[in-house]
Amino acid sequence: MVRWPVRDTICIECRTALPAGVPCPAGPHRVEKLRDAGGREALLTEVWGPKSMRLRLREAMKVGAAGGTGVSVLDGCSGCDLLDLGSGEFWAVLAVAVVVIAVLWFALKLVRDLILRRRHRLHANGARRKGPQLGPATGRVGTIISRDVARAPIGDRSCVAYALVVQERSTVMLRDAGSVGFEILLDTGEHVRVPAGTCVIDMTGATRATDLEAYLAELDPLRGSSDDLEPFPHDRAFARMLVPGDRVEVLGRLVPIADGTAGGGYREAAHTVLVPDTIPRLRLADETRAAGR
């Protein structure tokens, strides 16, 4: 059974999720262990600021939430014995209580509105640097051929490669892309072998992704025991899957290797295989994109 490479580190600068020990393919960026408390703290500091600032922000959020709740006129007055007062005294006390409650409610609402406006200004910090780039077109177009597929980390489709971009207010908060390993039969008859691991996939026209909770829980297992802010705040996400039969353009430089593997199906007893000299970079060919895949 094929599995996706475990992404347990994160590039703090471009927010690319990576397997352990893999440097960021976008450049000499700072990479931290996402499943380590210290590495996760480094990410949270980059997104929201130091721990003390995050604590104040969480407290402000709680005050803002409390300001939105209703307050009963007689809350906390079970021992006031208002009903034992005379008729005139009762209505006088009640009138004062209503005024006090109204003033308190207005003050809490004002505080809540101020906090909400502040939260609107204090948005999370996204990626400071660009992620891995695709590079120029090459014209090397072919068809994905593979017997092995795996269920994508996001959604319920099975595929050979996926890519995901998570955004908050159009700012990138997370990039993730991976491959289980597959081959591409180019129109020239050459074979390109895409290894399992990190890859780059063009996201032009990618579809909206929803329900990220299971995905984020797997990527960031410490979130389940944390009461801190969200390291990947988001209001939208986009995903793309590559499946056998998709037509893709292979970008970047390819180098030949000798392949003596014997087998049936699409493989010959021995042939020359091309492999990317760096991280694989792929773009859906126009005919596949036009078909909505």
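Taking a ≥ b ≥ c as the square roots of the eigenvalues of the Cα gyration tensor of region 167-208, is the shape rounded (a/c under 1.5), prolate (a/b larger than b/c) or oblate?
Prolate, because a/c is 1.5 or more and a/b exceeds b/c.
Which of THR207, THR278 has the fewest other C-beta atoms within 10 Å, and how do the rest follow up to the most? Spell out each step's value before the answer.
On the way: THR207 14, THR278 11.
The fewest-first ordering by Cβ neighbours comes to THR278, THR207.
Which shape class, rounded, prolate or oblate, goes with region 138-186 when its Cα gyration tensor gives a ≥ b ≥ c as root eigenvalues, a/c under 1.5 marks rounded, and past that a/b bigger than b/c marks prolate?
Oblate shape, in that a/c is at least 1.5 and b/c is the bigger or equal ratio.
What residues qualify as long-range amide H neighbours of GLY181, i.e. H under 5 Å apart, gap of 5 or more or another chain, H built at 1.01 Å from N?
ALA196, GLY197
Amide H to amide H, which residues 5 or more places from GLU168 or on other chains are under 5 Å from it, using H placed in the peptide plane?
For GLU168, whose amide H was placed from the backbone, the distant partners under 5 Å are MET173, ASP235.
How would you rank 4-13, 230-239, 213-222, highest first, on the average number of other Cβ atoms within 10 Å across their residues?
Values: 4-13: 20.8, 230-239: 18.6, 213-222: 15.5.
Result, highest mean first: 4-13, 230-239, 213-222.
I need the phi-derived Karplus couplings for region 3-8: 6.51 cos²θ - 1.76 cosθ + 1.60, θ = phi - 60°, integer Hz, Gly and Pro marked x.
3J(HN,Hα) across region 3-8, in whole Hz: 9, 6, x, 6, 9, 10.
Provide the gained length on full extension for the span HIS123 to VAL93, in nm with one decimal, where the gain is 0.36 nm per separating residue minus the Cα-Cα distance.
Taking 0.36 nm per residue and subtracting the Cα distance, the gain is 6.3 nm.
Could you tell me whether region 183-238 comes out rounded, prolate or oblate from its Cα gyration tensor? Rule is a ≥ b ≥ c as square roots of the eigenvalues, rounded for a/c under 1.5, then prolate if a/b exceeds b/c, otherwise oblate.
In terms of gyration-tensor shape, prolate.
Give a residue-ordered list of calculated ³J(HN,Hα) values for region 10-19 (Karplus: 6.51 cos²θ - 1.76 cosθ + 1.60, θ = phi - 60°; whole Hz; x for Gly, Pro).
Running phi through 6.51 cos²θ - 1.76 cosθ + 1.60 with θ = phi - 60° gives 9, 7, 5, 8, 10, 6, 8, 6, 9, x Hz.
Give a residue-ordered list of calculated ³J(HN,Hα) values for region 155-170 (Karplus: 6.51 cos²θ - 1.76 cosθ + 1.60, θ = phi - 60°; whole Hz; x for Gly, Pro).
Using θ = phi - 60°, the values come out as x, 10, 8, 9, 7, 9, 7, 9, 9, 9, 10, 10, 10, 10, 6, 6 Hz.
Using a Förster distance of 30 angstrom, determine the FRET efficiency expected from the C-beta separation of ARG3 and LYS51, and round it to 0.05.
Values: r = 35 Å, r/R0 = 1.16.
Calculated value: 0.30.
Order of 133-143, 91-101, 169-179 by packing, highest average Cβ count within 10 Å first?
Most protected by this proxy first, the peptides run 169-179, 133-143, 91-101.
Region 1-53 to region 148-205: how many Å between their Cα centroids?
What the calculation gives is 19 Å, centre to centre.
Please work out the FRET efficiency for the pair THR210 and MET61, using the Cβ-Cβ distance as r and a Förster radius of 25 Å; give the result to the nearest 0.05.
On the way: r = 24 Å, r/R0 = 0.97.
About 0.55, to the nearest 0.05.
For GLU230 and ASP286, what does the FRET efficiency come to when R0 = 45 Å and r is the distance between their Cβ atoms, rounded to the nearest 0.05?
Step by step, r from the Cβ atoms, then E = 0.75.
Any read-out appearing in this document is the output of simple, stated calculations on the displayed coordinates, not a laboratory observation. Note that this is a predicted model, so its numbers are computed, not measured. Please note: Cβ atoms are built from the backbone with ideal geometry, for glycine as well, and neighbour counts cover all protein chains shown.
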